[in-house]
1. Which numbered condition in (1) more than 12 Å from chain B (Cβ to nearest Cβ); (2) free of Cβ contacts under 8 Å to residues at least 60 places away in the same chain; (3) in contact with a strand residue (DSSP E or B) (Cβ under 6 Å, 6 or more places away or on another chain) is the only one that A:Leu86 fails?
2. Restricting attention to the stretch A:131-165, and to residues there that are touching a residue at least 60 places away in the same chain (Cβ under 8 Å), touching a Gly at 6+ places or on another chain (Cβ under 9 Å) and not β-branched (Val, Ile, Thr), which single residue is surrounded by the fewest Cβ atoms within 10 Å (Cβ to Cβ)?
3. Sort through B:Arg336, B:Arg352 and tell me the only one that's crowded, with 20+ Cβ neighbours inside 10 Å and assigned to a helix (DSSP H, G or I).
4. Any chance you could count how many residues in the stretch A:94-130 are surrounded by fewer than 22 Cβ atoms within 10 Å (Cβ to Cβ) and of a type in the set (Gly, Ala, Ser)?
5. Counting only residues that are touching a helix residue (DSSP H, G or I) at 6+ places or on another chain (Cβ under 7 Å) and away from chain A (no Cβ under 13 Å), which one in the stretch B:425-439 is surrounded by the most Cβ atoms within 10 Å (Cβ to Cβ)?
6. Going through B:Gly194, B:Gly168 one at a time, which residue ends up being of a type in the set (Gly, Ala, Ser), touching a helix residue (DSSP H, G or I) at 6+ places or on another chain (Cβ under 9 Å) and at pLDDT below 95?
7. Hey, among the residues in the stretch B:139-165 that are modelled with pLDDT of 90 or more and touching a Gly at 6+ places or on another chain (Cβ under 6 Å), which one's surrounded by the most Cβ atoms within 10 Å (Cβ to Cβ)?
8. So how many residues does the stretch A:98-134 have that are more than 7 Å from chain B (Cβ to nearest Cβ), of a type outside the set (Asp, Glu) and part of a helix (DSSP H, G or I)?
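The values are calculated or read from the model by the stated rules, or taken from the named source; none is laboratory data. This one's a predicted model, so the numbers in the text were calculated from it and none came from an experiment. Backbone-built Cβ (ideal geometry, glycine too); neighbour counts: all protein chains shown.
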Amino acid sequence: MPTRDSITTNGMLLRGVRFSYGTDFALHIGELRLEAGEQAILCGRSGSGKSTLLNLIAGIDTAASGSILIGGEDILAARGHARDLLRGRRIGMIFQTFNLLHGFTALENVMVPLMLLAVPAHEMRHRAHDALSRLGIDRHDALVDTLSVGQQQRVAVARAVVTTPTLVLADEPTASLDPENAETAVRLIRAACSACGAALLMTSHAPALRSQFERAIDISDFVATEVAR
Amino acid sequence: MTDMTIVLRSLRARALASSITVAMVAVAVALLLVLLSMREAAAAAFRRGTGNVHLLVSADASPLVAVLNGMFYANAPANPISWAKAQEIQGSFPWQWAIPTQLGDSYRGSPVVAAPAALLRTFEPVAGQPFALAAGRHLEHDFEVVLGSEVARSHSLLPGAKIAMTHGAGAAAQGGHEHADHLYEVVGILSPTGSVHDRALFTTLESSWIIHAEERREREGAGEESHTEAGHHHESDHDHHHVDAADLTDADRLVTGVLLRLPTRTGSDASASIAAQFDRLRRDTSITVAQPAQQIGRLMAIVGDIDWLFVAMGVVVLVSSAISILLATASSMELRRRQVAILRVLGASAWRVFALLVTESTLLGVAGALVGLALAIAGCAAASALLASKIGLALGGGIDARSASIVVVGAIALSALAGVVPAAKAYRTTIREHLRPIA
């Protein structure tokens with residue numbers, strides 16, 4: 001069982017986070033922890049604020065107050081380039097539509113986050129090949145546009161874990177998949193995170209996926225005010 | 001994988017738009033460079049043509065026309081100077097040399113310069129660089145001709161060839177008749193001088209006088225009836241009046257110009273007396289006196305005003321190509337906000353994305369400038385070859401290095417500047433909005 005100190009240094013800890021869209025919507029998180037390597041599903045209906053919470057954790061949106069520690073570093077306190085670097089180093093992100101860079105090869109897509117962290121060229125190439133191979137991609141030099149949807153998702157997962165992040169945030173990665181493929185995708189993402197020791201916070205509005213996770217977090221626990229949206 | 005890879009992939013993804021933008025910059029750069037370089041080269045070529053002549057006397061309407069006709073062979077001088085007047089000028093001052101010339105005939109469009117044989121030894125087409133023979137010898141007898149290098153090259157003439165001259169030069173040569181009764185023997189070919197004189201042919205004054213004296217007497221003998229035709233059709237059934245040097249009268253001995261050079265100190269091209277002699281000769285209202293170097297300076301000043309307009313047009317084209325880079329990059333930004341957002345999520349700072357965009361437009365400028373430079377080099381070489389063969393103006397065909405540096409650096413700077421606006425847009429891109437699933 002991780003201690004409180006190990007959580008603050010290796011996992012994710014949100015404390016006293018307040019965020020609002022005018023008077024329509026507000027999130028108030030007294031405390032939310034995710035231990036190192038822990039995997040949780042963030043549940044809630046569409047538009048309930050799941051993506052907003054992920055954006056706050058990733059430092060894409062900025063909370064009005066509180067602290068968001070990722071691996072012991074407060075992304076909310078970091079500003080500008082420091083926040084971008086912290087996000088690149090500590091967080092991997094997976095999106096519903098993958099958000100791959102079109103016109104780039106699978107290998108290049110996976111190398112981009114390493115390049116942005118100034119990983120040496122040789123190591124960058126080696127790690128990207130390794131990540132793709134572990135996820136079952138053999139056409140590393142193929143343009144992502146030429147890959148199947150399933151392969152594109154694997155490339156997106158490889159890109160999220162190649163930096164061995166502290167935390168992987170997956171925003172509705174199964175939303176456009178049928179239940180069978182959704183289960184496969186979740187297994188793939190969980191396995192990849194386990195392999196690199198990253199904690200995983202995945203959003204989904206599909207109740208069926210709850211059973212795959214030991215822990216489920218309900219976004220409604222943190223919504224302080226919600227007017228019909 | 002580097003930032004440059006990202007830039008190149010982005011350009012490749014918009015290959016058509018990128019190519020068009022590069023082409024626009026290239027055309028603008030080439031246009032500007034050709035204009036600037038040809039302008040410099042033309043000025044230099046004109047300066048070369050006047051050589052070591054200090055003063056030119058003719059009966060043309062103005063000093064500038066006198067220089068253009070008498071030294072650059074634009075047209076045959078309209079009015080002659082009598083031999084007596086030419087001798088009077090020659091004897092009026094202790095010139096270093098004074099050479100009467102007669103222009104008016106041509107060979108397949110190239111002007112024939114009739115002058116004493118001393119012309120080729122004393123006149124320097126480029127100051128400090130006298131004529132040199134590439135083949136054969138100088139003039140020794142009448143009806144011999146020495147060819148400028150371009151004439152020999154373009155008509156494949158060698159010493160020993162016999163050629164007939166045509167009456168008239170420049171535009172007047174069209175429809176002119178050949179002096180077919182008197183063939184000239186090519187005895188020498190000059191080395192290239194890089195001046196307009198490379199497309200001239202040189203013969204003795206007496207040769208020209210004899211031909212024209214015979215024709216004048218034939219016309220006079222044929223009477224008024226045939227006079228109108230004889231000027232343009234040399235019929236074989238005309239009575240033939242053979243003339244030799246001893247038969248020439250003052251009416252036959254006409255010249256169209258006198259080239260004058262004042263004594264100078266060794267190693268100097270200037271003489272303190274030029275202005276004084278210029279003023280003295282100008283008092284004679286029957287002649288026109290010109291200082292060739294000064295007239296060319298005036299011509300360049302007139303032409304300069306016009307060609308600055310062309311340079312301004314080139315600058316406008318360059319600026320418009322920069323605007324097209326701006327538009328191309330800005331319009332693609334709508335499609336690329338997602339890419340920018342992805343890069344930001346992966347850890348790229350806003351400044352890094354800004355730099356990527358500016359680098360992209362700068363690269364378009366670099367590619368356009370380099371292609372434009374290559375086009376300009378090819379264009380200048382082609383233009384100078386064309387001008388050399390058509391009007392004998394040797395422009396060198398090179399690109400002026402200073403102009404090239406300014407234009408290339410300017411084009412790249414403008415391109416970089418054109419990337420700033422879309423880069424600023426990218427800088428302000430809201431990550432959250434552009435990562436949402438596409439509906």
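1. Result: A:Leu86 fails condition (1) only.
2. Among residues in the stretch A:131-165 that are touching a residue at least 60 places away in the same chain (Cβ under 8 Å), touching a Gly at 6+ places or on another chain (Cβ under 9 Å) and not β-branched (Val, Ile, Thr), the one surrounded by the fewest Cβ atoms within 10 Å (Cβ to Cβ) is A:Pro165.
3. Going through B:Arg336, B:Arg352 in turn, the sole match is B:Arg336.
4. The total comes to 3.
5. Filtering the stretch B:425-439 down to residues touching a helix residue (DSSP H, G or I) at 6+ places or on another chain (Cβ under 7 Å) leaves B:425-427, B:429, B:431-432, B:434-435.
Going one step further and asking which of them are away from chain A (no Cβ under 13 Å), we end up with B:425-426.
On the way: B:Lys425: 18, B:Ala426: 24.
That would be B:Ala426.
6. Details: B:Gly168 fails: touching a helix residue (DSSP H, G or I) at 6+ places or on another chain (Cβ under 9 Å).
Criteria check complete, one pass: B:Gly194.
7. My answer is B:Val146.
8. The qualifying residues number 16.
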